[in-house]
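One structure follows; several queries about it will come next.
The values are calculated or read from the model by the stated rules, or taken from the named source; none is laboratory data. Just so you know, these numbers come straight off a predicted model, no measurement behind them. Neighbour counts run over all protein chains shown; Cβ positions are idealised from the backbone, glycine included.
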Amino acid sequence: MVIFDSLEKIAVPEPCAVALGLFDGVHKAHRAVLHAAADTALPLAVFTFRTDRALPASKPHFEPLMTPEHRARVLESLGCVYLAIPEFDEFSALSPEAFAEHVLVERMNARAVCCGYDFRFGKNGAGDAALLCKLGKRFGFSVHVTDCMTVGGIPVSSTTMRRALSDGDMALYRAMCGDDYTVTAPILHGKALGRTLDFPTVNQPLDPAEKLPRFGVYVSDVQIGNAHFRGVSNVGIKPTVTDAHVPLCETHILGFHGDLYGQILSVRLLAFLRDEKKFCSVEELKSAIAADRDAAKAFEE
């Protein structure tokens, strides 16, 4: 995948289908836009912008579900060939007409453009999907607009995904995203406190630049090679045993006793069990972990 990280560098060398949007979380509705672009049989290009710097006025308290690097990896896995990810300020002052002509046609080499039903573009969001269709006729590219997608009557959106994470509602997150919230990160060397409690654990760092799930204990699924194991994962700062305030995913893997240090592990969070809390004693913590383990064993997907 070729990445253009500024507007002036964008120079897609062949006619392509351009998917437009923020693509934060790359949820089901985003994927519908990407699939519509892929269905044109043209090379897939994505035009988006960085979410870790300047943002539209409509997103004053934005909590990204993905870092730009994480989003790029997912988009590449879905077939993106050209990814344009400039700063928002580089194109936000352009009129809708100027954006269509000078960005989509001249820089992105668009022959087809795909977007969601609620897509806005141009200075102050002056352009919408209907205007994009008119500009497509004017500048020589086709336009495909995807419909609103709902799950259980709830529109699929990044906002709903963020709310699901804040609430620990993994079922709603899964319904929006099409996949479980997954921690994929290397195993860190910890203090081996879990082993002294007869509940050995693995620790993975969490990226504070991304929206994190509600701190607490979850039923999880742990993939080791081609095998899957049930797990109990604590997402948070482990207040009973540390004052470091560094967010981690700490997982006790049921039925597994091997050494995983240094490996990159994927842990899927399936269901929220309880909030993270500071226990009065290690024995109280041990009893709570035992109850969490029993709940995880009884959990059915």
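May I ask you to verify whether residue 75 is touching a residue at least 24 places away in the same chain (Cβ under 8 Å), assigned to a strand (DSSP E or B), under 12 Å from residue 45 (Cα atoms) and in the same structural domain as residue 39 (by TED's automatic domain parsing)?
Here the answer is no, as residue 75 does not meet what is asked.
With (1) closer than 29 Å to residue 177 by Cα; (2) at pLDDT below 95 as the list, and residue 90 as the residue in question, which single condition is left unmet?
Condition not satisfied by residue 90: (1).
Here's something else I'd like to know. For residue 41, are the conditions met, namely being assigned to a loop (DSSP other than H, G, I, E, B) and either out of contact with any helix residue (DSSP H, G or I) (no Cβ under 6 Å at 6 or more places or on another chain) or not assigned by TED's automatic domain parsing to the domain that holds residue 122 (or both)?
Answer is yes for this residue.
Let me ask something else about it. In region 258-287, which residue that is of a type in the set (Asp, Glu) and over 23 Å from residue 228 (Cα atoms) is surrounded by the most Cβ atoms within 10 Å (Cβ to Cβ)?
Here the residue is 276.
Return the pair list, or none, for Cβ contacts closer than 8 Å from residues in region 25-37 that are assigned by TED's automatic domain parsing to the domain that holds residue 141 to residues that are among the aromatic types (Phe, Trp, Tyr) and not in a helix (DSSP H, G or I), at least 6 apart or on different chains.
Note: pairs meeting the criteria are 30/23.
Tell me which residues, restricted to region 131-172, are closer than 20 Å to residue 39 by Cβ and of a type in the set (Ser, Thr, Tyr).
Within region 131-172, 142, 146 meet the criteria.
Would you mind finding the one in 37, 19 that is closer than 19 Å to residue 122 by Cα, at pLDDT 95 or above, small (Gly, Ala, Ser) and crowded, with 22+ Cβ neighbours inside 10 Å?
Answer to the check: 19.
Report the residue count in region 82-106 for those that are in contact (Cβ under 8 Å) with a residue 12 or more places away in the chain and either within 15 Å of residue 46 (Cα to Cα) or not in a helix (DSSP H, G or I) (or both).
Going through region 82-106 one residue at a time, the tally reaches 17.
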